Amino acid sequence: MSGSNKPKVVILGAGFGGLNAARELGKSADVTVVDRHNYQTFLPLLYQVSTASLAADHIAYPIRGALRKSGAKFRMGTPISVDHKNKTVKLDSSEVLHFDHLIVSMGSATTDFGIPGVEEFALGMKNIHEALAIRSEIMRRFEDLVRFEDETRLSIVVVGGGPTGVEMAGSLAELVKGPLRHDHYHASKHIDIYLLEAGPRLLPMFTPGLSEKTLRQLENMGVKVMLNTAVKKVEWRKTTLADGSSITSEVVIWAAGVKGAPAINDLSLPVKGNRLVCEPTCQVANYPYVWGVGDNAGVIGDNGRPLPMVAPVAMQQGTFVAKQIKRLIKGKDIQKFKYVDKGSMATIGRHKAVVQVKGLRLWGPLAWFAWLFLHVFYLMGGQKRIGTIADWTWNYLTFDRGNRHIMDSL
(Lines give C-alpha, C1' and ligand atoms only; values in the text may rest on other atoms or scores of the structure.)
Protein backbone atom coordinates (compact mmCIF):
# COMPACT_ATOMS: atom_id res chain seq x y z
CA MET A 1 0.00 0.00 0.00
CA SER A 2 1.17 3.49 -0.83
CA GLY A 3 2.31 6.09 1.67
CA SER A 4 1.05 5.50 5.19
CA ASN A 5 -0.29 2.33 6.76
CA LYS A 6 -3.80 3.28 5.66
CA PRO A 7 -4.88 2.36 2.15
CA LYS A 8 -5.72 5.25 -0.16
CA VAL A 9 -9.33 5.10 -1.32
CA VAL A 10 -10.62 7.39 -4.07
CA ILE A 11 -14.41 7.60 -4.40
CA LEU A 12 -15.74 8.94 -7.70
CA GLY A 13 -19.15 10.45 -7.06
CA ALA A 14 -20.74 11.96 -3.95
CA GLY A 15 -24.24 10.58 -4.31
CA PHE A 16 -25.96 8.26 -1.84
CA GLY A 17 -23.48 5.42 -2.43
CA GLY A 18 -20.29 7.46 -2.45
CA LEU A 19 -21.07 9.37 0.72
CA ASN A 20 -22.20 6.22 2.55
CA ALA A 21 -18.91 4.56 1.61
CA ALA A 22 -16.87 7.56 2.75
CA ARG A 23 -18.60 7.77 6.11
CA GLU A 24 -18.41 4.01 6.72
CA LEU A 25 -14.67 3.91 5.97
CA GLY A 26 -14.13 6.74 8.43
CA LYS A 27 -10.61 6.72 9.84
CA SER A 28 -9.83 3.22 8.51
CA ALA A 29 -8.53 4.61 5.20
CA ASP A 30 -7.16 7.75 3.58
CA VAL A 31 -10.32 8.71 1.67
CA THR A 32 -10.75 11.30 -1.09
CA VAL A 33 -14.19 11.93 -2.60
CA VAL A 34 -14.39 13.40 -6.10
CA ASP A 35 -17.48 15.03 -7.59
CA ARG A 36 -18.06 17.61 -10.33
CA HIS A 37 -20.38 19.53 -7.98
CA ASN A 38 -19.63 20.68 -4.44
CA TYR A 39 -23.07 19.54 -3.30
CA GLN A 40 -25.07 16.33 -3.12
CA THR A 41 -28.54 16.38 -4.69
CA PHE A 42 -31.40 14.59 -2.94
CA LEU A 43 -32.73 13.07 -6.16
CA PRO A 44 -36.03 11.63 -4.82
CA LEU A 45 -37.37 15.18 -4.38
CA LEU A 46 -36.06 16.61 -7.65
CA TYR A 47 -39.52 16.52 -9.22
CA GLN A 48 -40.77 18.86 -6.46
CA VAL A 49 -38.26 21.47 -7.59
CA SER A 50 -39.54 20.99 -11.16
CA THR A 51 -43.12 21.66 -10.07
CA ALA A 52 -42.43 24.61 -7.73
CA SER A 53 -43.12 22.69 -4.50
CA LEU A 54 -39.59 23.10 -3.14
CA ALA A 55 -36.76 25.58 -3.51
CA ALA A 56 -33.73 24.04 -5.22
CA ASP A 57 -31.37 24.70 -2.31
CA HIS A 58 -33.56 22.59 0.02
CA ILE A 59 -32.45 19.41 -1.77
CA ALA A 60 -28.77 20.32 -2.20
CA TYR A 61 -26.32 19.72 0.63
CA PRO A 62 -22.62 20.77 0.68
CA ILE A 63 -20.38 17.71 0.27
CA ARG A 64 -17.76 19.15 2.60
CA GLY A 65 -20.44 19.52 5.27
CA ALA A 66 -21.49 15.90 4.77
CA LEU A 67 -17.88 14.71 5.11
CA ARG A 68 -16.87 17.01 7.97
CA LYS A 69 -16.77 14.38 10.70
CA SER A 70 -15.71 11.48 8.48
CA GLY A 71 -12.07 12.42 8.01
CA ALA A 72 -12.46 12.20 4.21
CA LYS A 73 -11.08 14.82 1.83
CA PHE A 74 -12.99 16.32 -1.11
CA ARG A 75 -11.92 17.38 -4.59
CA MET A 76 -14.29 19.10 -7.01
CA GLY A 77 -13.62 17.77 -10.49
CA THR A 78 -14.35 15.14 -13.11
CA PRO A 79 -12.17 12.06 -13.72
CA ILE A 80 -10.83 12.06 -17.26
CA SER A 81 -8.63 8.96 -17.18
CA VAL A 82 -7.42 6.11 -14.97
CA ASP A 83 -3.90 4.68 -15.11
CA HIS A 84 -4.42 1.13 -13.83
CA LYS A 85 -0.73 0.24 -13.92
CA ASN A 86 0.20 3.03 -11.52
CA LYS A 87 -3.21 3.15 -9.81
CA THR A 88 -3.86 6.82 -10.41
CA VAL A 89 -6.87 8.81 -11.56
CA LYS A 90 -6.46 12.10 -13.38
CA LEU A 91 -9.03 14.87 -12.91
CA ASP A 92 -9.97 17.65 -15.32
CA SER A 93 -8.19 20.01 -12.92
CA SER A 94 -4.95 18.15 -13.90
CA GLU A 95 -4.64 16.83 -10.35
CA VAL A 96 -3.55 13.19 -10.16
CA LEU A 97 -4.83 11.09 -7.25
CA HIS A 98 -3.17 7.83 -6.19
CA PHE A 99 -5.31 4.99 -4.88
CA ASP A 100 -5.18 1.46 -3.54
CA HIS A 101 -8.94 1.12 -3.98
CA LEU A 102 -11.15 2.98 -6.44
CA ILE A 103 -14.91 3.19 -5.77
CA VAL A 104 -16.94 4.23 -8.80
CA SER A 105 -20.27 5.72 -7.74
CA MET A 106 -20.99 8.22 -10.48
CA GLY A 107 -24.74 7.72 -10.71
CA SER A 108 -26.83 7.75 -13.85
CA ALA A 109 -28.03 9.89 -16.72
CA THR A 110 -31.26 10.01 -18.71
CA THR A 111 -31.44 7.43 -21.49
CA ASP A 112 -33.38 8.05 -24.69
CA PHE A 113 -33.41 4.39 -25.86
CA GLY A 114 -32.31 5.65 -29.29
CA ILE A 115 -35.65 7.43 -29.86
CA PRO A 116 -35.18 10.34 -32.29
CA GLY A 117 -35.69 13.84 -30.91
CA VAL A 118 -35.53 13.03 -27.20
CA GLU A 119 -32.17 14.72 -26.69
CA GLU A 120 -33.19 17.80 -28.67
CA PHE A 121 -36.79 18.34 -27.57
CA ALA A 122 -37.39 16.52 -24.26
CA LEU A 123 -36.35 17.66 -20.79
CA GLY A 124 -34.54 15.15 -18.59
CA MET A 125 -34.70 15.16 -14.80
CA LYS A 126 -31.46 13.94 -13.28
CA ASN A 127 -30.02 17.10 -11.71
CA ILE A 128 -31.02 20.47 -10.27
CA HIS A 129 -30.24 22.34 -13.51
CA GLU A 130 -32.66 20.11 -15.43
CA ALA A 131 -35.31 20.46 -12.71
CA LEU A 132 -35.06 24.25 -12.84
CA ALA A 133 -35.22 24.11 -16.65
CA ILE A 134 -38.49 22.13 -16.45
CA ARG A 135 -39.97 24.57 -13.93
CA SER A 136 -38.97 27.59 -16.01
CA GLU A 137 -40.28 26.07 -19.23
CA ILE A 138 -43.66 25.24 -17.67
CA MET A 139 -44.02 28.70 -16.13
CA ARG A 140 -42.86 30.42 -19.34
CA ARG A 141 -45.43 28.46 -21.38
CA PHE A 142 -48.07 29.36 -18.80
CA GLU A 143 -47.25 33.05 -19.18
CA ASP A 144 -47.51 32.63 -22.96
CA LEU A 145 -50.93 31.03 -22.50
CA VAL A 146 -52.14 33.96 -20.37
CA ARG A 147 -51.77 36.20 -23.42
CA PHE A 148 -54.47 34.24 -25.25
CA GLU A 149 -58.04 34.69 -24.15
CA ASP A 150 -59.15 32.00 -26.61
CA GLU A 151 -59.12 28.20 -26.80
CA THR A 152 -55.34 27.82 -27.26
CA ARG A 153 -54.14 24.89 -25.14
CA LEU A 154 -50.84 23.95 -23.49
CA SER A 155 -49.96 20.25 -23.51
CA ILE A 156 -47.41 18.89 -21.04
CA VAL A 157 -46.37 15.29 -21.72
CA VAL A 158 -44.63 13.13 -19.10
CA VAL A 159 -43.09 9.98 -20.59
CA GLY A 160 -42.61 7.01 -18.22
CA GLY A 161 -45.05 5.46 -15.75
CA GLY A 162 -42.56 4.55 -13.02
CA PRO A 163 -42.39 6.39 -9.67
CA THR A 164 -40.67 9.45 -11.18
CA GLY A 165 -43.24 9.85 -13.95
CA VAL A 166 -46.19 9.24 -11.63
CA GLU A 167 -44.91 11.71 -9.03
CA MET A 168 -44.18 14.31 -11.70
CA ALA A 169 -47.62 13.98 -13.34
CA GLY A 170 -49.44 14.14 -10.00
CA SER A 171 -47.47 17.16 -8.83
CA LEU A 172 -48.08 18.95 -12.15
CA ALA A 173 -51.81 18.30 -11.83
CA GLU A 174 -51.83 19.87 -8.36
CA LEU A 175 -49.75 22.83 -9.59
CA VAL A 176 -52.31 23.47 -12.33
CA LYS A 177 -55.42 22.99 -10.17
CA GLY A 178 -54.04 25.02 -7.26
CA PRO A 179 -51.54 27.87 -7.72
CA LEU A 180 -51.95 28.32 -11.49
CA ARG A 181 -55.73 28.34 -11.17
CA HIS A 182 -55.42 31.17 -8.65
CA ASP A 183 -52.90 32.97 -10.87
CA HIS A 184 -55.04 32.90 -14.02
CA TYR A 185 -58.19 30.80 -14.15
CA HIS A 186 -58.73 30.80 -17.93
CA ALA A 187 -55.14 29.80 -18.72
CA SER A 188 -55.09 27.03 -16.12
CA LYS A 189 -58.26 25.50 -17.59
CA HIS A 190 -56.47 25.17 -20.93
CA ILE A 191 -53.53 23.03 -19.72
CA ASP A 192 -53.49 19.31 -20.54
CA ILE A 193 -51.22 16.83 -18.72
CA TYR A 194 -50.48 13.48 -20.34
CA LEU A 195 -48.69 10.51 -18.77
CA LEU A 196 -47.45 7.98 -21.33
CA GLU A 197 -46.40 4.46 -20.32
CA ALA A 198 -45.17 1.87 -22.84
CA GLY A 199 -46.21 -1.04 -20.62
CA PRO A 200 -49.66 -2.29 -19.60
CA ARG A 201 -49.74 -0.56 -16.18
CA LEU A 202 -48.24 2.19 -14.06
CA LEU A 203 -45.70 1.43 -11.32
CA PRO A 204 -44.85 -2.09 -12.52
CA MET A 205 -42.80 -2.76 -9.37
CA PHE A 206 -45.98 -2.50 -7.27
CA THR A 207 -48.88 -4.95 -7.08
CA PRO A 208 -51.52 -4.64 -9.84
CA GLY A 209 -54.01 -3.41 -7.23
CA LEU A 210 -51.83 -0.45 -6.22
CA SER A 211 -51.10 0.28 -9.90
CA GLU A 212 -54.83 0.45 -10.58
CA LYS A 213 -55.44 2.75 -7.59
CA THR A 214 -52.65 5.03 -8.83
CA LEU A 215 -54.20 5.15 -12.30
CA ARG A 216 -57.62 6.08 -10.92
CA GLN A 217 -56.19 8.76 -8.62
CA LEU A 218 -54.26 10.40 -11.45
CA GLU A 219 -57.28 10.36 -13.74
CA ASN A 220 -59.40 11.91 -10.98
CA MET A 221 -56.79 14.69 -10.77
CA GLY A 222 -57.21 15.39 -14.48
CA VAL A 223 -54.14 13.56 -15.84
CA LYS A 224 -54.71 11.83 -19.18
CA VAL A 225 -52.99 8.47 -18.66
CA MET A 226 -52.15 6.48 -21.79
CA LEU A 227 -50.98 2.87 -21.20
CA ASN A 228 -49.42 0.57 -23.82
CA THR A 229 -48.27 3.78 -25.48
CA ALA A 230 -44.66 3.80 -26.67
CA VAL A 231 -43.03 6.95 -28.03
CA LYS A 232 -41.62 6.66 -31.54
CA LYS A 233 -40.32 10.20 -32.07
CA VAL A 234 -40.24 13.57 -30.33
CA GLU A 235 -40.41 16.72 -32.45
CA TRP A 236 -40.97 20.42 -31.88
CA ARG A 237 -44.40 20.61 -30.21
CA LYS A 238 -45.32 17.10 -31.31
CA THR A 239 -44.82 13.56 -29.96
CA THR A 240 -45.34 10.68 -32.38
CA LEU A 241 -46.46 7.36 -30.90
CA ALA A 242 -45.61 3.81 -31.96
CA ASP A 243 -49.04 3.30 -33.54
CA GLY A 244 -48.43 6.25 -35.88
CA SER A 245 -50.72 8.70 -34.09
CA SER A 246 -49.38 11.86 -32.47
CA ILE A 247 -50.23 14.27 -29.67
CA THR A 248 -49.43 17.94 -29.30
CA SER A 249 -46.66 18.47 -26.77
CA GLU A 250 -45.30 21.93 -25.98
CA VAL A 251 -43.34 20.49 -23.04
CA VAL A 252 -42.03 16.90 -22.94
CA ILE A 253 -40.59 15.62 -19.65
CA TRP A 254 -38.58 12.41 -20.07
CA ALA A 255 -38.91 10.05 -17.08
CA ALA A 256 -38.73 6.84 -19.08
CA GLY A 257 -35.43 5.47 -17.88
CA VAL A 258 -31.82 5.99 -16.90
CA LYS A 259 -28.41 4.57 -17.79
CA GLY A 260 -25.07 4.54 -16.02
CA ALA A 261 -23.27 7.89 -16.16
CA PRO A 262 -21.44 8.18 -19.53
CA ALA A 263 -18.27 9.21 -17.66
CA ILE A 264 -17.67 5.56 -16.69
CA ASN A 265 -16.55 5.01 -20.30
CA ASP A 266 -13.45 7.13 -19.61
CA LEU A 267 -12.15 4.88 -16.83
CA SER A 268 -10.74 2.01 -18.96
CA LEU A 269 -13.06 -0.50 -17.28
CA PRO A 270 -15.39 -3.16 -18.73
CA VAL A 271 -18.86 -1.74 -19.46
CA LYS A 272 -21.95 -3.66 -20.55
CA GLY A 273 -25.39 -2.15 -21.04
CA ASN A 274 -24.12 1.27 -19.88
CA ARG A 275 -23.06 -0.16 -16.51
CA LEU A 276 -19.78 -1.50 -15.13
CA VAL A 277 -19.42 -5.27 -15.32
CA CYS A 278 -19.33 -6.26 -11.65
CA GLU A 279 -18.82 -9.44 -9.63
CA PRO A 280 -21.26 -10.39 -6.83
CA THR A 281 -18.77 -8.73 -4.45
CA CYS A 282 -19.28 -5.36 -6.24
CA GLN A 283 -15.71 -5.60 -7.56
CA VAL A 284 -15.36 -4.69 -11.23
CA ALA A 285 -14.58 -7.78 -13.34
CA ASN A 286 -10.79 -8.31 -13.69
CA TYR A 287 -10.08 -5.24 -11.55
CA PRO A 288 -10.33 -6.43 -7.92
CA TYR A 289 -9.18 -3.04 -6.57
CA VAL A 290 -12.05 -1.22 -8.36
CA TRP A 291 -15.56 -1.33 -6.88
CA GLY A 292 -18.87 -0.42 -8.50
CA VAL A 293 -21.59 1.20 -6.41
CA GLY A 294 -25.09 2.37 -7.28
CA ASP A 295 -26.62 3.16 -10.67
CA ASN A 296 -23.39 2.74 -12.64
CA ALA A 297 -22.71 -0.74 -11.18
CA GLY A 298 -24.04 -3.78 -13.01
CA VAL A 299 -24.25 -6.12 -10.01
CA ILE A 300 -26.61 -8.98 -10.85
CA GLY A 301 -29.52 -9.67 -8.51
CA ASP A 302 -31.21 -12.96 -7.61
CA ASN A 303 -33.50 -12.65 -10.63
CA GLY A 304 -30.53 -12.73 -13.04
CA ARG A 305 -30.90 -9.05 -13.95
CA PRO A 306 -28.84 -6.05 -12.81
CA LEU A 307 -30.10 -4.54 -9.57
CA PRO A 308 -32.51 -1.61 -9.96
CA MET A 309 -31.17 1.93 -10.26
CA VAL A 310 -32.67 3.23 -7.02
CA ALA A 311 -31.24 5.04 -4.00
CA PRO A 312 -31.57 2.12 -1.51
CA VAL A 313 -29.31 -0.06 -3.71
CA ALA A 314 -26.64 2.65 -3.84
CA MET A 315 -26.80 3.28 -0.11
CA GLN A 316 -26.52 -0.40 0.79
CA GLN A 317 -23.70 -0.97 -1.72
CA GLY A 318 -21.75 2.06 -0.49
CA THR A 319 -21.82 0.77 3.08
CA PHE A 320 -21.11 -2.80 1.93
CA VAL A 321 -18.05 -1.89 -0.18
CA ALA A 322 -16.56 0.17 2.64
CA LYS A 323 -16.97 -2.80 4.99
CA GLN A 324 -15.27 -5.11 2.46
CA ILE A 325 -12.28 -2.78 2.19
CA LYS A 326 -12.07 -2.78 5.99
CA ARG A 327 -12.19 -6.59 5.91
CA LEU A 328 -9.29 -6.64 3.45
CA ILE A 329 -7.32 -4.30 5.72
CA LYS A 330 -7.76 -6.86 8.53
CA GLY A 331 -6.79 -9.74 6.24
CA LYS A 332 -10.31 -11.21 6.09
CA ASP A 333 -12.11 -12.66 3.07
CA ILE A 334 -14.62 -10.47 1.30
CA GLN A 335 -18.29 -11.32 1.01
CA LYS A 336 -20.95 -11.20 -1.69
CA PHE A 337 -23.39 -8.32 -1.78
CA LYS A 338 -27.00 -9.14 -0.94
CA TYR A 339 -29.55 -6.43 -1.61
CA VAL A 340 -32.33 -6.14 0.97
CA ASP A 341 -35.41 -4.71 -0.71
CA LYS A 342 -37.14 -2.65 1.97
CA GLY A 343 -40.07 -1.80 -0.27
CA SER A 344 -41.21 0.91 -2.67
CA MET A 345 -43.23 4.07 -2.36
CA ALA A 346 -44.55 6.79 -4.61
CA THR A 347 -46.59 9.90 -3.91
CA ILE A 348 -49.36 10.95 -6.27
CA GLY A 349 -50.56 14.11 -4.55
CA ARG A 350 -52.04 15.55 -1.37
CA HIS A 351 -53.13 12.64 0.86
CA LYS A 352 -52.41 10.29 -2.04
CA ALA A 353 -49.51 7.83 -2.07
CA VAL A 354 -48.79 4.12 -2.40
CA VAL A 355 -46.42 2.12 -0.21
CA GLN A 356 -45.43 -1.51 -0.62
CA VAL A 357 -43.20 -3.14 1.99
CA LYS A 358 -43.02 -6.93 1.73
CA GLY A 359 -46.57 -8.09 2.59
CA LEU A 360 -47.71 -4.62 3.67
CA ARG A 361 -49.61 -2.45 1.20
CA LEU A 362 -50.70 1.07 2.06
CA TRP A 363 -52.41 3.75 0.04
CA GLY A 364 -54.12 7.05 0.77
CA PRO A 365 -53.36 9.45 3.67
CA LEU A 366 -51.43 6.94 5.81
CA ALA A 367 -49.10 6.10 2.91
CA TRP A 368 -48.72 9.82 2.17
CA PHE A 369 -47.62 10.64 5.73
CA ALA A 370 -45.21 7.66 5.67
CA TRP A 371 -43.72 9.03 2.43
CA LEU A 372 -43.35 12.53 3.92
CA PHE A 373 -41.66 11.23 7.09
CA LEU A 374 -39.19 8.99 5.26
CA HIS A 375 -38.09 11.68 2.81
CA VAL A 376 -37.56 14.24 5.55
CA PHE A 377 -35.65 11.60 7.56
CA TYR A 378 -33.17 10.96 4.73
CA LEU A 379 -32.59 14.63 3.88
CA MET A 380 -29.17 15.75 5.07
CA GLY A 381 -28.83 18.72 7.39
CA GLY A 382 -31.24 20.18 9.91
CA GLN A 383 -31.53 23.43 7.95
CA LYS A 384 -32.62 21.54 4.82
CA ARG A 385 -35.19 19.56 6.80
CA ILE A 386 -36.64 22.72 8.35
CA GLY A 387 -36.76 24.49 4.98
CA THR A 388 -38.46 21.52 3.32
CA ILE A 389 -41.02 21.13 6.11
CA ALA A 390 -41.70 24.88 5.95
CA ASP A 391 -42.30 24.74 2.19
CA TRP A 392 -44.52 21.67 2.48
CA THR A 393 -46.51 23.20 5.36
CA TRP A 394 -47.07 26.41 3.39
CA ASN A 395 -48.15 24.43 0.32
CA TYR A 396 -50.46 22.28 2.43
CA LEU A 397 -52.17 25.10 4.32
CA THR A 398 -52.50 27.61 1.47
CA PHE A 399 -52.72 25.36 -1.63
CA ASP A 400 -50.02 27.69 -2.98
CA ARG A 401 -46.47 27.11 -4.19
CA GLY A 402 -44.08 29.96 -3.59
CA ASN A 403 -41.31 28.77 -5.92
CA ARG A 404 -42.95 29.58 -9.27
CA HIS A 405 -39.95 31.48 -10.56
CA ILE A 406 -38.54 31.48 -14.09
CA MET A 407 -34.87 31.32 -13.16
CA ASP A 408 -33.08 29.44 -15.94
CA SER A 409 -30.28 31.00 -17.98
CA LEU A 410 -32.47 32.22 -20.87
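Search segment 1-33 for residues being of a type in the set (Gly, Ala, Ser) and crowded, with 18+ Cβ neighbours inside 10 Å, and hand back the single one that is farthest from GLN317 (Cα to Cα).
Within segment 1-33, the first condition is being of a type in the set (Gly, Ala, Ser), and the residues that meet it are 2-4, 13-15, 17-18, 21-22, 26, 28-29.
After this cut, where a residue has to be crowded, with 18+ Cβ neighbours inside 10 Å as well, the list is 13-15, 17-18, 21-22, 29.
Values: GLY13: 13, ALA14: 13, GLY15: 12, GLY17: 6, GLY18: 9, ALA21: 8, ALA22: 12, ALA29: 18 Å.
This residue is ALA29.
Of all residues in segment 330-338, one or more are of a type in the set (Val, Ile, Thr) and either surrounded by 13 or more Cβ atoms within 10 Å (Cβ to Cβ) or in a loop (DSSP other than H, G, I, E, B) (or both).
So is ALA187 more than 26 Å from the chain's Cα centre (by Cα), surrounded by 18 or more Cβ atoms within 10 Å (Cβ to Cβ) and assigned to a helix (DSSP H, G or I) or not?
On the way: more than 26 Å from the chain's Cα centre (by Cα): yes; surrounded by 18 or more Cβ atoms within 10 Å (Cβ to Cβ): yes; assigned to a helix (DSSP H, G or I): yes.
Against the criterion (more than 26 Å from the chain's Cα centre (by Cα), surrounded by 18 or more Cβ atoms within 10 Å (Cβ to Cβ) and assigned to a helix (DSSP H, G or I)), ALA187 qualifies.
Can you tell me which residue within segment 77-106, out of those that are outside any strand (DSSP E or B) and in contact with a helix residue (DSSP H, G or I) (Cβ under 6 Å, 6 or more places away or on another chain), is farthest from ASP266 (Cα to Cα)? Taking the candidates together, the pick is SER105.
Among the residues making up segment 382-399, a single one is loosely packed, with under 15 Cβ neighbours inside 10 Å and touching a residue at least 60 places away in the same chain (Cβ under 8 Å): PHE399.
Here's the yes/no breakdown for (1) under 23 Å from HIS375 (Cα atoms); (2) without any contact (Cβ under 8 Å) to a residue 60 or more places away in the chain:
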{"position": "HIS58", "(1), (2)": "yes, no"}
{"position": "ARG75", "(1), (2)": "no, yes"}
{"position": "ILE80", "(1), (2)": "no, no"}
{"position": "THR111", "(1), (2)": "no, no"}
{"position": "GLU137", "(1), (2)": "no, no"}
{"position": "MET168", "(1), (2)": "yes, no"}
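Condition check: within 29 Å of GLY124 (Cα to Cα) and either at pLDDT 95 or above or out of contact with any helix residue (DSSP H, G or I) (no Cβ under 6 Å at 6 or more places or on another chain) (or both). Does ASN5 satisfy that? It is false that ASN5 is within 29 Å of GLY124 (Cα to Cα) and either at pLDDT 95 or above or out of contact with any helix residue (DSSP H, G or I) (no Cβ under 6 Å at 6 or more places or on another chain) (or both).
Residue-by-condition table, conditions (1) under 30 Å from THR207 (Cα atoms); (2) charged (D, E, K, R); (3) out of contact with any His (no Cβ under 7 Å at 6 or more places or on another chain):
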residue	(1), (2), (3)
ASN286	no, no, yes
GLY298	yes, no, yes
ASN303	yes, no, yes
THR319	yes, no, yes
LYS323	no, yes, yes
ASP341	yes, yes, yes
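Residue pairs whose Cβ atoms lie under 6 Å apart, sitting 6 or more positions apart in sequence or on different chains, and linking a residue in segment 222-238 that is farther than 15 Å from GLY162 by Cβ to a partner that is surrounded by 15 or more Cβ atoms within 10 Å (Cβ to Cβ) and of a type outside the set (A, V, I, L, M, F, W, C), are LYS224/TYR194; LYS232/THR240; LYS233/GLY117; LYS233/THR240; VAL234/GLY117; GLU235/GLY117; ARG237/GLU250.
Selection of segment 347-380 for residues being of a type in the set (Lys, Arg) and either in the same structural domain as PRO44 (by TED's automatic domain parsing) or not in a loop (DSSP other than H, G, I, E, B) (or both) yields LYS352, ARG361. Has segment 34-43 got at least one residue that is farther than 18 Å from VAL290 by Cβ, among the hydrophobic types (A, V, I, L, M, F, W, C), surrounded by 22 or more Cβ atoms within 10 Å (Cβ to Cβ) and touching a residue at least 12 places away in the same chain (Cβ under 8 Å)? Yes. Restricting attention to segment 107-141, which residues are in a loop (DSSP other than H, G, I, E, B) and under 14 Å from the mean Cα position of the chain (by Cα)? GLY107, THR111, GLY124, MET125, LYS126, ASN127 - these are the residues of segment 107-141 that are in a loop (DSSP other than H, G, I, E, B) and under 14 Å from the mean Cα position of the chain (by Cα).
Just name the residue that is farthest from THR207 (Cα to Cα) out of those in segment 388-410 that are at pLDDT 85 or above and outside any loop (DSSP other than H, G, I, E, B). Here the residue is ALA390.
Sort through GLY209, GLY161 and tell me the only one that's of a type in the set (Gly, Ala, Ser), in contact (Cβ under 8 Å) with a residue 12 or more places away in the chain and assigned to a loop (DSSP other than H, G, I, E, B). Show your work before the answer.
On the way: GLY209 fails: assigned to a loop (DSSP other than H, G, I, E, B).
Matching residue, one of GLY209, GLY161: GLY161.
Taking every residue in segment 341-366 that is within 18 Å of LEU218 (Cβ to Cβ) and free of Cβ contacts under 8 Å to residues at least 12 places away in the same chain and pairing it with any residue that is of a type outside the set (S, T, N, Q) and in a strand (DSSP E or B), at least 6 positions away or on another chain, the pairs with Cβ-Cβ distances below 6 Å are LEU362/VAL355.
The values are calculated or read from the model by the stated rules, or taken from the named source; none is laboratory data. From a predicted model like this one, the values you see are computed outputs, not experimental measurements. Note: ideal-geometry Cβ built from the backbone for every residue, glycine included; neighbour counts use all protein chains shown.
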